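Colleague: The following block contains the structure, expressed as structure tokens.
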Amino acid sequence: MATRPKASQPEDDWTVRERFTCERVCVSKKLVDAVGGAAKEATPGACVTVCGVSAVDACTEACQRAVCVQQSHVPAWNESCEKRCVSECLRTRQGTQES
């Protein structure tokens with residue numbers, strides 16, 4: 001199987017910071033489990049799409065809007081949810097690049 005020369009391959013949205021992109025995150029049991037206790041009020045099957053110039057940032061914001069819907073009065077929970085969303089977006093993306 002022939003491969004295209006590197007110069008003609010499209011750039012990966014996750015590595016190019018200044019490309020407009022949209023990311024969609026849907027609430028699943030797996031995502032709720034990955035984010036943990038901060039996701040207890042998330043609605044299963046709910047989806048959020050966020051667009052921006054960074055795929056990682058768009059994914060993270062979509063995850064936060066979908067899963068971290070109830071802001072906790074304990075700041076550490078909110079920060080934990082955000083960090084877990086970032087980790088889950090990066091982990092998910094790495095899995096798609098390896099396939």
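Colleague: Within the range 30-50, work out how many residues are in a helix (DSSP H, G or I) and touching a residue at least 40 places away in the same chain (Cβ under 8 Å).
Modeller: Here the count works out to 6.
Colleague: Right, another one. Scanning the range 54-70 for residues that are touching a helix residue (DSSP H, G or I) at 6+ places or on another chain (Cβ under 6 Å) and not hydrophobic (A, V, I, L, M, F, W, C), which turns out nearest to GLU23 (Cα to Cα)?
Modeller: THR60
Colleague: Kindly indicate which of VAL16, VAL74 is loosely packed, with under 13 Cβ neighbours inside 10 Å, at pLDDT below 75 and out of contact with any strand residue (DSSP E or B) (no Cβ under 8 Å at 6 or more places or on another chain).
Modeller: VAL74
Colleague: In addition: Looking at the range 51-71, which of its residues are part of a loop (DSSP other than H, G, I, E, B) and not polar (S, T, N, Q)?
Modeller: Matches in the range 51-71: VAL53, CYS68, VAL69.
Colleague: Starting from residues that are more than 18 Å from THR43 (Cβ to Cβ) and either in contact with a Gly (Cβ under 7 Å, 6 or more places away or on another chain) or not hydroxyl-bearing (Ser, Thr, Tyr) (or both), keep the ones in the range 53-71 and report whichever is surrounded by the most Cβ atoms within 10 Å (Cβ to Cβ).
Modeller: Of everything passing the filter in the range 53-71, CYS59 is surrounded by the most Cβ atoms within 10 Å (Cβ to Cβ).
The values are calculated or read from the model by the stated rules, or taken from the named source; none is laboratory data. Since we're looking at a predicted model, the values are computed, not measured. Cβ sites come from the backbone with ideal geometry, for glycine too, and all protein chains shown count toward neighbours.
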